[in-house]
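Chemist: Input: one structure, supplied below.
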Amino acid sequence: MTARPWRLAILGAPALFLLVVFFVLPYGEIVMMSFRTPSSSAPYGDGVTLANYARMFADGHYLGILAETVAVGASITAICLLISFPIALHLSNVGDRWHTLFYACVVSPLLVGVLVRNFGWMIILSFNGPINQILLALGLIDRPVRLLFTVEVVVLALVHVFIPFMVLPITTALRNIPPSLYEASRSLGAGRFATFWRVTLPLSFPGVQSGVILVFVLAISAYVTPVLLGGQFVVLMPTVIVQQLIAAFAWPFGAVLAMILTLSTLTCVLVFAFATRGLARRAAIGRTP
Amino acid sequence: MAQIEIAGLRKAYNGAVAIDGVDLNVASGSFVTLLGPSGCGKTTTLRCLAGFITPDAGAIRVEGRDIMGLGPEGRDFGVVFQNYALFPHLSVFDNVAYGLQARRVPKAEIAARVAEVLGLVQLGHLKDRLPRALSGGQQQRVALARALVIRPQALLLDEPLANLDAKLRFEMRWLIRELQRKAGITALYVTHDQAEAMALSDQVAVMKQGRIAQLGSPRDIYQRPRERYVAEFTGEASYLKARIAEAVGNGRYRVATAGGEVIANGPAGLAAGSRHLLLLRPEALQPGAAGLRATLQGRFFVGSAQHCEMRIGDEVIKLYLPPQAELGEGAAVTLAVDQDAAWLLPDEAAP
């Protein structure tokens, strides 16, 4: 069957409609808004200006927050990768019978709503919460310590919820590696470690790449968790953007911050994808003739 | 190059017996094939030898040294897989160099040895390609080079030609045999293709339900099979019920069949009057002056010959006639039997 253009158009129409209404139009609006003058009676005034961008780049405060946001996102991604790889390795090896159970365990952080999950963390980490009580009982501390509202806790909570996004693509990549490659490697004289290093790791890279990009993008744009668990002590870009939009009612400047965050994220992802393109291309399995 | 001894090898998967007491001696430098249908245990035997699976019982010795305690990386065998198992992310050169790098061979020597072996398989010009840019036959040659370059104790080949088309399979057969002879390396080969087994091997072990049914030279297993299973698996075969009239020499008998009496070979010491099956390969029969009386039941033309079915009493046998032979259906034919190619088998159905 040859696909006729009008048939393709009909099939693609719903997706295209959603994309235009919920993605292209709002983004266009943000881009446009970022070049407008502020107004006190409407989201933005009639004038067109570059002053919002000038303010952003002149003020080291916002660039500092941007840098910290990228650093926190990168740490979350790195920690996620370190924790997820062994899990993925295990998950790719378990038999069919246990497979579903392990999968359920891995995605369990996603089964709890974002608010419930964060309030859970707040209870656990509070002054008289279980962690402090355990530390007290063990005699490791002599009075409760402040665990909440630190950047470490934000990182911990985000790592917890983003692990599935790292584990699942890596598991898929690992399951795509034919077992005979491991046998070939071993029979050629490479031990378990050498086989892992020269076969497993490089061939899992397509999964690692997807996982890293997914988690990084999610981590950089996370809002609820930094606000609830970081409070006023952890200030990241999404928080600042929302403050500008809602609290300060400075929509054009908020739009500038949103633009900068998006462009920074995009740059990071592109640089990463470009730097690792050779590895990803070589490791792509399944296109053998 | 090494002599390999497999003794009493057993392996079961969840109660299903895959191999059930395999004994096999592979002489140094010889080419031995495990031949059998899928599920007969041939691949399991090879995988036990390679160290990919641990047998439940039995011993494997190389040059008299027990290797059961060694992992695959310690056994020093070159394994060639059915699906080639080339590393998709490494170039042809790096695939072949892999085993040498694992052995920490100096770089300059690696380059020289890889170049030499790639020359042997005529792939020197493709050394920078990735495997996916190669044809199936080229990939299999890389796999062969990768296994040979480490100069292993033995070459283990698991249906290496099964994924290739017929013409390529034929060429690769010659290449494998030539490389094995040239290197003087011991080889154990697994296949379900009897022609491949016979063309390549010094010795063929026909496997049946986890055991070796018969081990012998290709000529032996084809012309003097020990049982009907082996005869059937090694080529086209017809059978006639036969009763031994008398011995006419050592291992040579006059036998009575529904089509008359013929002279046939068999194991020594068969008793006169005992019932057997007379194995007749199609090429052992020719229309002649004296022999089996048969009627032509059907035939079809295949170009190089006519495949015919002949009725003898209530039994049917197959033979090949020259393409130009003119015979009508129902014609009476006398078939001369090539004495060296008629062989007596135990009649498993007889009481």
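Chemist: Taking the conditions exactly as written (under 18 Å from the mean Cα position of the chain (by Cα) and surrounded by fewer than 22 Cβ atoms within 10 Å (Cβ to Cβ)), does residue B:286 satisfy them or not?
Modeler: No; evaluated as a whole, the condition is false for this residue.
Chemist: Follow-up question, since we're still on this one. How many residues are surrounded by fewer than 10 Cβ atoms within 10 Å (Cβ to Cβ) and either closer than 18 Å to residue A:262 by Cβ or among the aromatic types (Phe, Trp, Tyr) (or both) if we restrict to segment A:8-25?
Modeler: Looking only at that region, the number is 0.
Chemist: Specify which of the listed residues (B:94, B:76) is among the charged types (D, E, K, R), within 11 Å of another protein chain (Cβ to nearest Cβ) and under 31 Å from the mean Cα position of the chain (by Cα). Don't jump to the end; show me each part of the working.
Modeler: Numbers: B:94 fails: under 31 Å from the mean Cα position of the chain (by Cα).
Only one candidate passes the filter, namely B:76.
Chemist: Continuing with the same structure: Looking at segment A:190-233 only, could you name the residues that are within 14 Å of chain B (Cβ to nearest Cβ), over 16 Å from the mean Cα position of the chain (by Cα) and of a type outside the set (A, V, I, L, M, F, W, C)? Step through it out loud before you land on a result.
Modeler: Narrowing segment A:190-233 to residues within 14 Å of chain B (Cβ to nearest Cβ): A:190-209.
Still in the running and over 16 Å from the mean Cα position of the chain (by Cα): A:190-206.
Of everything in segment A:190-233, those that are within 14 Å of chain B (Cβ to nearest Cβ), over 16 Å from the mean Cα position of the chain (by Cα) and of a type outside the set (A, V, I, L, M, F, W, C) turn out to be A:191, A:192, A:195, A:198, A:200, A:202, A:204, A:206.
Chemist: Criterion first (within 14 Å of chain B (Cβ to nearest Cβ) and not aliphatic (A, V, I, L, M)) does residue A:187 satisfy it?
Modeler: Considered against the rule, which asks whether it is within 14 Å of chain B (Cβ to nearest Cβ) and not aliphatic (A, V, I, L, M), residue A:187 comes out as yes.
Chemist: While we're looking at this one, here's another question. Which condition does residue B:184 not pass, out of (1) touching a residue at least 12 places away in the same chain (Cβ under 8 Å); (2) within 14 Å of chain A (Cβ to nearest Cβ), if it passes all the others?
Modeler: Residue B:184 satisfies every listed condition except (2).
Chemist: Among the residues that make up segment A:187-198, is at least one of them crowded, with 24+ Cβ neighbours inside 10 Å, in a loop (DSSP other than H, G, I, E, B) and among the hydroxyl-bearing types (Ser, Thr, Tyr)?
Modeler: No, every residue in segment A:187-198 fails to be crowded, with 24+ Cβ neighbours inside 10 Å, in a loop (DSSP other than H, G, I, E, B) and among the hydroxyl-bearing types (Ser, Thr, Tyr).
Chemist: Among the listed residues B:351, B:323, B:282, identify the single one that is modelled with pLDDT under 85 and within 22 Å of residue B:241 (Cβ to Cβ). Outline the logic, then answer.
Modeler: On the way: B:323 fails: within 22 Å of residue B:241 (Cβ to Cβ); B:282 fails: modelled with pLDDT under 85.
Just one listed residue meets the conditions, B:351.
Chemist: Here's something else I'd like to know. Does any residue of segment B:260-279 turn out to be over 18 Å from residue B:227 (Cα atoms), touching a residue at least 60 places away in the same chain (Cβ under 8 Å) and not hydroxyl-bearing (Ser, Thr, Tyr)? Break it down into steps so the answer makes sense when it comes.
Modeler: Pass one, segment B:260-279, residues over 18 Å from residue B:227 (Cα atoms): B:260-263, B:272-273.
Now narrow it down to the ones that are touching a residue at least 60 places away in the same chain (Cβ under 8 Å): B:262-263.
Still in the running and not hydroxyl-bearing (Ser, Thr, Tyr): B:262-263.
Yes: one or more hits.
Chemist: If you go through segment B:321-343, how many residues are in contact (Cβ under 8 Å) with a residue 60 or more places away in the chain and within 22 Å of residue B:251 (Cα to Cα)?
Modeler: 6
Chemist: Can you list the helices (runs of 4 or more DSSP H) found entirely within segment A:75-159 that contain at least 2 residues being in contact (Cβ under 8 Å) with a residue 12 or more places away in the chain, within 16 Å of residue A:231 (Cα to Cα) and within 23 Å of the chain's Cα centre (by Cα)? So that I can check it myself, show each step before the final result.
Modeler: On the way: elements: A:96-111, A:114-125, A:130-137.
In segment A:75-159, A:114-125 are the helices (runs of 4 or more DSSP H) which contain 2 or more residues that are in contact (Cβ under 8 Å) with a residue 12 or more places away in the chain, within 16 Å of residue A:231 (Cα to Cα) and within 23 Å of the chain's Cα centre (by Cα).
Chemist: Can you confirm whether segment A:70-84 contains a residue that is at pLDDT 90 or above and surrounded by fewer than 13 Cβ atoms within 10 Å (Cβ to Cβ)?
Modeler: Of segment A:70-84, the ones at pLDDT 90 or above are A:70-84.
Checking the rest, the ones that are also surrounded by fewer than 13 Cβ atoms within 10 Å (Cβ to Cβ) come to A:71, A:82.
Yes, segment A:70-84 has at least one match.
Chemist: Given the conditions (1) of a type outside the set (A, V, I, L, M); (2) under 15 Å from residue B:153 (Cα atoms); (3) crowded, with 18+ Cβ neighbours inside 10 Å; (4) without any contact (Cβ under 8 Å) to a residue 40 or more places away in the chain, and given that residue B:52 satisfies all but one, which numbered condition is not satisfied?
Modeler: (2)
Chemist: Here is a check on your reading of the model: is residue A:236 away from every other protein chain (no Cβ under 14 Å) and buried (at least 23 other Cβ atoms within 10 Å of the Cβ)?
Modeler: yes
The values are calculated or read from the model by the stated rules, or taken from the named source; none is laboratory data. None of these values were measured; they are calculated from a predicted model. With ideal geometry, Cβ positions are generated from the backbone for all residues, glycine too; neighbour counts draw on all protein chains shown.
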